[in-house]
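Participant: I'd like to ask some things about the structure below.
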Amino acid sequence: MRWLSSIGEAFYNAWIPEKRYLAYLSGLRMTLLISLFAVMIGILIGILIAVTRVSARHSKSPLVHFLDQFARLYVTVIRGTPMIVQILIIYNLVFTSPNTNPVVVGAVCCGINSGAYVAEIIRAGIESIPIGQMEAGRSLGLSYRTTMTSIILPQAIRNILPALGNEFISLIKETSVISIIAVNDLTKMAGYVGSRTWDVIPPYVIAALFYLAMTLGLSKALGAVEKYLAKGQRK
């Protein structure tokens, strides 16, 4: 039982002395803030990119087709390169000031990455809606923009909610790489505690449990939303 006592002591040292639990809570707060704003940025970028790519199929405007090519390039580059490399490039290219808000840095970096994946998810959702829905809206005198925002997108979002949920769960976990640019997120603070205790395993296990709790909680919440929407659709 000596080994069990040693494990308990290691986790105690990683949590209690010097109020080290406050370091995890501080990192958790930073991770949640970054994840929240990154999701908002990702959704905004994703909708703009997806609508641009779909609109290009129904438009003869040179501007729309130029934007479509830019959107394709954005999605290809972001999905084809590692997130950690993107973060290093964005941080050193844009956020070079030492006074930059770490939440802004993390949210922008993660949001830009997530936007490419959200865009493809939303585009697939839009294309899953029968073309007759668009034609019906236009025949009623609605503009293309109004038809898209009022008829097509609400149905598409309902169809792609599970895929969006999986992307947001992945995003919460991927925010951990933000620690490489000195953002004091949960992973960074776990490393800090490990440097104080000279034993990095317990702090990282504690951080992993926090991530697990967040992802399980979000999964449950998304499941409840899906059931609610399904119930409303049956009515």
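Participant: Which members of the stretch 1-29 meet the condition of being of a type in the set (A, V, I, L, M, F, W, C), at pLDDT below 90 and part of a helix (DSSP H, G or I)?
Facilitator: Within the stretch 1-29, Trp3, Leu4, Ile7, Ala10, Phe11, Ala14, Trp15 qualify.
Participant: Ile34 - would you say it is over 30 Å from Asp199 (Cβ atoms), within 29 Å of the chain's Cα centre (by Cα), of a type outside the set (Lys, Arg) and at pLDDT 85 or above?
Facilitator: no
Participant: Confirm whether Val200 is exposed (fewer than 15 other Cβ atoms within 10 Å of the Cβ) and in contact with a helix residue (DSSP H, G or I) (Cβ under 6 Å, 6 or more places away or on another chain).
Facilitator: It is true that Val200 is exposed (fewer than 15 other Cβ atoms within 10 Å of the Cβ) and in contact with a helix residue (DSSP H, G or I) (Cβ under 6 Å, 6 or more places away or on another chain).
Participant: If I filter the stretch 59-90 down to residues being over 20 Å from the mean Cα position of the chain (by Cα) and small (Gly, Ala, Ser), which single residue comes out as surrounded by the most Cβ atoms within 10 Å (Cβ to Cβ)?
Facilitator: It comes out as Ser59.
Participant: Then there's this: Filter the stretch 91-104 down to residues that are among the hydroxyl-bearing types (Ser, Thr, Tyr) and surrounded by 11 or more Cβ atoms within 10 Å (Cβ to Cβ) and give me whichever is modelled with the lowest pLDDT.
Facilitator: Thr100
Participant: Select from the stretch 182-199 the residues that are more than 18 Å from the chain's Cα centre (by Cα), in contact (Cβ under 8 Å) with a residue 40 or more places away in the chain and part of a helix (DSSP H, G or I) and list them in ascending order.
Facilitator: Passing the criteria: Lys188, Met189, Ala190, Tyr192, Val193, Gly194, Arg196, Thr197.
Participant: Step by step: first the residues of the stretch 174-224, then only those that are in contact with a Pro (Cβ under 6 Å, 6 or more places away or on another chain) and under 27 Å from Ile90 (Cα atoms), then the one that is modelled with the highest pLDDT. Which residue is that?
Facilitator: Checked the stretch 174-224; the qualifying residue modelled with the highest pLDDT is Ala190.
The values are calculated or read from the model by the stated rules, or taken from the named source; none is laboratory data. Worth saying up front: this structure is predicted, and the values here are computed from it rather than measured. Every residue, glycine as well, gets a Cβ built from its backbone with ideal geometry; the counts of neighbours run over all protein chains shown.
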